[in-house]
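What follows is a set of notes on a single structure, which appears directly below.
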Amino acid sequence: MLLIFLPLLSKIINIDRMAKNKEKRSLATKPEFRLDAILTYPHYYSVYFNDNFGFRNLLVFSNSYTKLKYLKTSPMPNKVVLGKKDWLYYSEGDVLNDCRHTNLFTENQLKKIKKILEDRTKWLKLKGSHYYLFVPPSKNSVYPEFTPPYIKPKNQKSRLDQLIEYLDKNSFVSIIDPRNFYFREKKKHILYYKNDSHWNLYGAFFGYTELMNAISKSYPSLKPSVISDYTFKYNNDYEGDLAMILAVNQVIMCDDILFIPKKTRQAKYIKPPHYPDGEIFKAETVVSVVPDSSLPVLVMFRDSYGSYLVPFISEHFSRSVYVWTPKFITDIIDYEKPQIVVQEIIERFLGFLELENPEIVE
């Protein structure tokens, strides 16, 4: 009886020392009691209580840690799967199909993407801009050897392979694909976090290198920095997003690395303007400037992988604008008038390439 009532008692006298939310989501908030919502109030209060009862976080943590550590299985396989040597992989939505190469594009989808990309490239060329499509590989593409057997590829070619091959044969648009570079570099460096769905700074740096090498073909002065331009600091305290989803991020940490430039960074971050469109996907637009008007202007439409690219790329442009969105927003391009437009989109989000261009591009 004491155990049954202990969670309720803890809410009254506040004896739960692990009450702070450690999951990578927002917990339900307490609903307001109103007479006009009296019929739905019990439901919403139940949802709130299920997310906030006493010792809930301790129980969630104990369940997750026990399954991961001793039973070698994921407590939430619909969101995170446990691979070999304690590597965690994201599994929500269509991600497993992407890992298995079972979500290939149809011929009509490939034709649609081809037209969308070609129209963007032509529209930007009329404005004096170059378009670059950069696709960082998903974690499972670089480290397939640690994925569990049941998500091994069923087709030899992935959706990214399929799209690159189609564009190579049928279009003047190309994709910057760093995978071959990664397969070489992963023999010397860990490029992705074991407990996170993202690359680490090594992975981001080598991605930046491949992107800048592509840009420098048209802008020879924009050469990427090299690894010897940095010193490094290592920590073993990185709480990855996958570990957060499982609420074990404070005990299942992994190595992190910091790139410390030997020369002072020139780029300074400034407050972004209020763009005409004003639309972003997830986070505030990042804008950086370098006091050198001879350098070109960059606009990058990006996702979470772009966050680690920002400090490397910003050093090469007089003004860099990073917009977290999968869309191609012409209002921002008209406002900034960039010479270079980069669309960074992680491999598992390739389906976003089917998003239609604004009418002005058509």
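The values are calculated or read from the model by the stated rules, or taken from the named source; none is laboratory data. In this text, all values refer to a predicted model and were calculated from it rather than measured experimentally. Heads up, the Cβs are rebuilt from the backbone with ideal geometry, glycines too, and the neighbour counts pull from every protein chain shown. With ligands, DNA and RNA removed, areas are computed over all heavy atoms of the protein, side chains included. Shrake-Rupley method; radii C 1.70, N 1.55, O 1.52, S 1.80 Å.
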What is the dipole size for the range 206-304, taken about its Cα centre, with +1 at each Lys and Arg Cβ and -1 at each Asp and Glu Cβ, in debye to the nearest 20? 560
Along the charge dipole of the chain, which of MET244, GLY128, THR330 sits closest to the positive end, that is, farthest toward it, with unit charges on the beta carbon of Lys, Arg, Asp and Glu (+1, +1, -1, -1)? MET244
Rounded to the nearest 10 Å², the accessible area of GLU32 at probe 1.4 Å: 130
Can you send over the carbon and sulfur percentage of the accessible area for the range 204-362, probe radius 1.4 Å, protein chains only? 54
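Relative to the Cα centre, what is the charge dipole magnitude of the range 55-189, using +1 at the beta carbon of each Lys and Arg, -1 at the beta carbon of each Asp and Glu, and rounding to the nearest 20 debye?
About 220 debye.
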Could you tell me which of rounded, prolate or oblate describes the range 86-184, using a ≥ b ≥ c as the square roots of the eigenvalues of the alpha-carbon gyration tensor, with rounded for a/c under 1.5 and, failing that, prolate when a/b is larger than b/c and oblate otherwise? prolate
Rounded to 10°, Cα long-axis angle of helix 41-52 versus longest principal axis of the chain: 80
With the Cα gyration tensor of the range 298-339 giving a ≥ b ≥ c as the square roots of its eigenvalues, does the rule (a/c under 1.5 for rounded; else a/b larger than b/c for prolate; else oblate) give rounded, prolate or oblate? oblate
Calculate the dipole size of the range 280-340 relative to its Cα centre from +1 charges on Lys and Arg beta carbons and -1 charges on Asp and Glu beta carbons; express the result in debye to the nearest 20. 120
Quote to one decimal, in nm, the extra length available between ALA283 and ILE360 on full extension: 0.36 nm per residue of separation minus the C-alpha distance between them. 25.2 nm
Partner lysines whose C-alpha sits under 30 Å from that of LYS111, ignoring same-chain residues fewer than 8 away, are LYS122, LYS125, LYS127, LYS139, LYS152, LYS154, LYS157, LYS169, LYS217, LYS282, LYS327, LYS337
Once a ≥ b ≥ c are taken as the square roots of the eigenvalues of the Cα gyration tensor of the range 121-258, is the result rounded (a/c under 1.5), prolate (a/b larger than b/c) or oblate (a/b not larger than b/c)? oblate
